[in-house]
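Engineer: Got a structure here, written out as C-alpha cells. Questions coming.
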Amino acid sequence: MLSNVTTGNAYSDGEEKRGWFVGSFVTPSISPRATSAVEVKWGVHKAGDCRPEWTDPAETTTLSVLISGRFCLQFPDGETVLATQGDYALWLPGIAHFWRAEEDSVVLTVRW
C-alpha cells in the first residue's frame, strides 16, 4: 500500500453524493478527498436522464469533460452539445444551467 497516495474508484466513491467524490462534503473530513479547494464528480447518466430545471448559479468556475456518450448542457444564452470524447464546456461563476444525456454518458465535472 502506498503511504502518501489515496486510491479508489470515482464511481463507487461518489455513489452517495450523486457522483461527487472530491470536495468539502466528503466524510470523514480527515480524508484526503475532503477539501474546500475543488469538487470533482464522476457523472454516469443513462440516455434520457436530465436535470429539467435550472441549477442555482454556482459560486465556482465549472468544467465538464465528456468521457463517453453525448451530453447537452443548456445555459441562459444557448446550449452546447458534448459529442466527441474530450469535448468540454467551462463556465464562470454565476451561470445557471441544466442538462440532458442524449445517449448513455459519462461526464467528469470539476468545480473550483
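Engineer: If I filter the stretch 10-27 down to residues being surrounded by 13 or more Cβ atoms within 10 Å (Cβ to Cβ) and among the β-branched types (Val, Ile, Thr), which single residue comes out as nearest to Trp42 (Cα to Cα)?
Structural biologist: Looking at the filtered set, the residue picked out is Val22.
Engineer: Scan the stretch 1-14 for residues that are more than 15 Å from Thr109 (Cα to Cα) and not polar (S, T, N, Q) and jot them down.
Structural biologist: Met1, Leu2, Val5, Gly8
Engineer: Got a number for residues in the stretch 87-104 being assigned to a loop (DSSP other than H, G, I, E, B), in contact (Cβ under 8 Å) with a residue 40 or more places away in the chain and under 24 Å from Gly23 (Cβ atoms)?
Structural biologist: Residues meeting the conditions: 2.
Engineer: Would you please name the residue that is nearest to the chain's Cα centre (by Cα), looking only at residues in the stretch 12-46 that are of a type in the set (Val, Ile, Thr) and not in a loop (DSSP other than H, G, I, E, B)?
Structural biologist: Val40
Engineer: Can you spot a residue in the stretch 64-86 that is loosely packed, with under 12 Cβ neighbours inside 10 Å, closer than 15 Å to Leu108 by Cα and in contact with an Asp or Glu (Cβ under 9 Å, 6 or more places away or on another chain)?
Structural biologist: no
Engineer: I would also like to ask the following. Given the conditions (1) among the charged types (D, E, K, R); (2) closer than 28 Å to Gly8 by Cβ; (3) touching a Gly at 6+ places or on another chain (Cβ under 8 Å), report the number of the one that Arg100 does not fulfil.
Structural biologist: With respect to (1) among the charged types (D, E, K, R); (2) closer than 28 Å to Gly8 by Cβ; (3) touching a Gly at 6+ places or on another chain (Cβ under 8 Å), Arg100 is out only on (2).
Each row is one residue, and each column tells you yes or no for (1) under 30 Å from Ser3 (Cβ atoms); (2) out of contact with any Pro (no Cβ under 9 Å at 6 or more places or on another chain).
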{"position": "Arg33", "(1), (2)": "yes, yes"}
{"position": "Ala47", "(1), (2)": "no, yes"}
{"position": "Glu59", "(1), (2)": "no, no"}
{"position": "Arg70", "(1), (2)": "no, yes"}
{"position": "Glu79", "(1), (2)": "no, yes"}
{"position": "Leu82", "(1), (2)": "no, yes"}
{"position": "Leu90", "(1), (2)": "no, yes"}
{"position": "Glu103", "(1), (2)": "no, yes"}
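Bear in mind that the values in this text are calculations on the coordinates, not laboratory data. From a predicted model like this one, the values you see are computed outputs, not experimental measurements. For neighbour counting, all protein chains shown are included, and Cβ atoms are generated from backbone atoms with ideal geometry for every residue, glycine included.
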